[in-house]
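Working notes, structure below.
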Amino acid sequence: MAGALPLGDPAPTDGRLGVSADPGTDFGVYLHVPFCRVRCGYCDFNTYTATELRGARQDQYADTLLHEIGLSRRVLEEAGPLRPARTVFFGGGTPTLLPAGDLARMLDGVRDAFSLALDAEITVEANPDTVTDAVVERLASAGVNRLSIGMQSSVPHVLAALDRSHSPENVSLAVAAAKRAGLDVSVDLIYGAPGESLDDWRHSLETALSLEPDHISAYALIIEEGTKLARQISRGEVAAPDDDLQADMYELADALLAGGGYEWYEVSNWSRGEAHRSRHNLSYWRGFDWWGYGPGAHSHVAGLRWWNVKHPAAYAQRLALGESPAAGRETPDADARALERVLLETRIREGMAISELPSAAARTAIAGLVADGLVDGSAAIRGRIVLTLRGRLLADAVVRSLTV
Ligand SMILES: C[S@@+](CC[C@H](N)C(=O)[O-])C[C@H]1O[C@@H](n2cnc3c(N)ncnc32)[C@H](O)[C@@H]1O
Ligand code: SF4
């Protein structure tokens with residue numbers, strides 16, 4: 001049930017955007033599926049278990065979301081020529097908790113409203129428990145071409161510390177099923193769980209590599225306020241993640257993944273070559289346009305940002321009344337946009353052009369960052385800020401120096 005939404009300005013009930021979209025900017029689609037069978041102790045995503053639904057109907061969710069797709073088509077038509085979706089991403093929550101046919105209907109809704117680019121990347125996030133041959137075959141026949149599987153770890157006591165419901169075996173079965181169906185495969189890993197040692201982490205990385213996915217994400221465990229794990233830590237029942245150990249874990253991940261043929265392209269993401277990078281996530285980091293459907297989803301078109309009401313019941317109620325589900329909106333000013341660009345673009349392998357830094361003081365800081373081994377010196381000579389391995393470990397500190 002995630003942290004609070006931003007405040008922002010009120011959003012109009014008809015959903016009108018009042019902006020002109022640039023037909024040359026890529027357009028992507030995010031479809032949020034806010035359901036999970038159980039909540040993992042560390043997770044504060046906007047997702048709900050059966051007892052938290054307050055009357056919202058999982059079996060009606062696809063139809064409700066199709067109403068938002070209809071509304072989006074109407075308001076985007078007013079903002080300029082409609083653009084085909086270049087990427088579609090079903091995220092959650094656990095999209096695969098819905099019948100595959102429901103996901104297919106939502107995808108058809110996007111296709112009918114906007115069309116899909118010929119080479120569109122279409123991803124579904126999945127909990128390993130929910131992946132079967134029948135599910136992935138149905139998804140592939142609907143046009144899905146990528147499955148992102150929440151593996152997290154291959155060590156039973158780490159999976160238990162994270163409250164995960166799946167076993168290590170389920171992950172290899174899910175990966176094999178996805179490959180049989182011809183899907184590109186990504187696995188998500190988390191490092192720094194209570195009780196996880198460097199050797200446990202090495203085991204998870206080696207297992208992930210042995211599955212030969214196309215893409216691997218590795219996230220440092222973040223202790224989110226309000227989660228069960230945060231309460232366990234504050235009561236002293238389990239230890240908080242150790243920064244030094246997490247740094248060692250990141251270095252080990254980069255070394256093993258690079259050795260296995262996976263190239264980093266964003267601080268927490270590695271792929272087998274450029275063709276397997278997540279184009280959807282790159283579109284967020286590069287500031288393209290996207291529409292996020294579903295409760296709590298955020299959208300961005302031509303500099304305007306907005307976000308939907310959080311609870312699935314409130315979301316369904318708004319759409320049943322023919323109203324936009326947007327809860328608030330804002331147009332960040334030039335300063336805020338410049339800061340955000342530093343935050344997002346320095347995370348990716350191509351980095352950011354020094355000429356686009358927001359201030360002279362930030363440009364002056366680069367020499368110090370190069371001397372400290374945080375920013376690549378030869379890239380800086382070519383006019384770009386590219387993080388070194390040490391810089392990726394301390395990305396937040398680099399961003400702070402560049403946003404003065
Ligand atoms: C929506 S989930 C993926 C699909 C599915 N719900 C699952 O968990 O298997 C997205 C990913 O976010 C990551 N994540 C969630 N909460 C996190 C946290 N507190 N710290 C680090 N990573 C987190 C996990 O790696 C998770 O796989
Ligand atoms: S299954 Fe995924 S979205 Fe659901 S609670 Fe766990 S990490 Fe969060």
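The values are calculated or read from the model by the stated rules, or taken from the named source; none is laboratory data. Nothing here was measured: the structure is a model prediction, and the numbers come from that model. Cβ atoms come from the backbone with ideal geometry, glycine included; neighbour counts cover every protein chain shown. Ligands, DNA and RNA are excluded from the accessible area calculation, which covers all protein heavy atoms including side chains. Shrake-Rupley method; radii C 1.70, N 1.55, O 1.52, S 1.80 Å.
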Taking the condition touching a residue at least 24 places away in the same chain (Cβ under 8 Å), of a type in the set (D, E, K, R) and within 13 Å of ligand 2 (Cβ to nearest atom), does residue 129 pass? yes
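Is there a residue being in a strand (DSSP E or B) and more than 16 Å from residue 85 (Cα to Cα) anywhere in segment 106-123?
Filtering segment 106-123 for residues in a strand (DSSP E or B) gives 116-123.
Remaining after also requiring more than 16 Å from residue 85 (Cα to Cα): none.
No; the residues of segment 106-123 include none that is in a strand (DSSP E or B) and more than 16 Å from residue 85 (Cα to Cα).
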If I go through segment 110-125 residue by residue, how many of them are open to solvent by 10 Å² or more (accessible area, probe 1.4 Å) and under 26 Å from residue 49 (Cα atoms)? 1
If the requirement is being open to solvent by 20 Å² or more (accessible area, probe 1.4 Å), in contact with a helix residue (DSSP H, G or I) (Cβ under 7 Å, 6 or more places away or on another chain) and without any contact (Cβ under 8 Å) to a residue 60 or more places away in the chain, which of these qualifies: 243, 248? 248
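In segment 267-304, which residue that is in a strand (DSSP E or B) and aliphatic (A, V, I, L, M) is surrounded by the fewest Cβ atoms within 10 Å (Cβ to Cβ)?
304
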Within segment 90-105, track down each residue that is within 11 Å of ligand 1 (Cβ to nearest atom), open to solvent by less than 20 Å² (accessible area, probe 1.4 Å) and more than 14 Å from residue 295 (Cα to Cα). 96
Single unsatisfied condition, residue 342 versus (1) modelled with pLDDT under 95; (2) of a type outside the set (Asp, Glu); (3) surrounded by fewer than 17 Cβ atoms within 10 Å (Cβ to Cβ): (3)
Need the failing condition index for residue 350 against (1) of a type outside the set (Ser, Thr, Tyr); (2) over 21 Å from the mean Cα position of the chain (by Cα); (3) surrounded by fewer than 17 Cβ atoms within 10 Å (Cβ to Cβ), just the number. (2)
Within segment 364-395, which residues are of a type in the set (Gly, Ala, Ser) and in a helix (DSSP H, G or I)? 365, 367, 368, 371, 377, 378, 379, 380, 391, 395
How about segment 144-162: which of its residues are open to solvent by 10 Å² or more (accessible area, probe 1.4 Å), over 17 Å from residue 131 (Cα atoms) and either under 15 Å from the mean Cα position of the chain (by Cα) or without any contact (Cβ under 8 Å) to a residue 24 or more places away in the chain (or both)? 156, 160
Checking residue 144 against (1) part of a loop (DSSP other than H, G, I, E, B); (2) in contact with a strand residue (DSSP E or B) (Cβ under 8 Å, 6 or more places away or on another chain); (3) within 16 Å of ligand 2 (Cβ to nearest atom), only one condition comes out false. Which one? (3)
Keeping to segment 220-232, report how many residues are within 8 Å of ligand 1 (Cβ to nearest atom) and open to solvent by 20 Å² or more (accessible area, probe 1.4 Å). 4
Looking only at segment 356-363, decide whether some residue is without any contact (Cβ under 8 Å) to a residue 24 or more places away in the chain and either in a loop (DSSP other than H, G, I, E, B) or of a type in the set (S, T, N, Q) (or both). no
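Conditions tested, residue by residue: (1) among the small types (Gly, Ala, Ser); (2) without any contact (Cβ under 8 Å) to a residue 60 or more places away in the chain; (3) assigned to a helix (DSSP H, G or I); (4) more than 13 Å from ligand 1 (Cβ to nearest atom).
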| position | (1), (2), (3), (4) |
| --- | --- |
| 188 | no, yes, no, no |
| 195 | yes, yes, no, yes |
| 207 | no, yes, yes, yes |
| 212 | no, yes, no, yes |
| 218 | yes, yes, no, no |
Which residue pairs have Cβ atoms closer than 7 Å, lie 6 or more positions apart in sequence or on different chains, and pair a first residue in segment 380-404 that is surrounded by fewer than 18 Cβ atoms within 10 Å (Cβ to Cβ) with a second residue that is of a type in the set (Asp, Glu) and not in a loop (DSSP other than H, G, I, E, B)? 389/251; 389/254
Filtered residues of segment 45-64 (kept if assigned to a helix (DSSP H, G or I) and within 16 Å of ligand 2 (Cβ to nearest atom)): 50, 51, 52, 58, 61
Give the residues of segment 242-265 that are over 22 Å from the mean Cα position of the chain (by Cα) and not in a helix (DSSP H, G or I), sorted by residue number. 242, 260, 261
How many residues, within segment 163-184, are surrounded by 23 or more Cβ atoms within 10 Å (Cβ to Cβ) and more than 16 Å from ligand 2 (Cβ to nearest atom)? 3
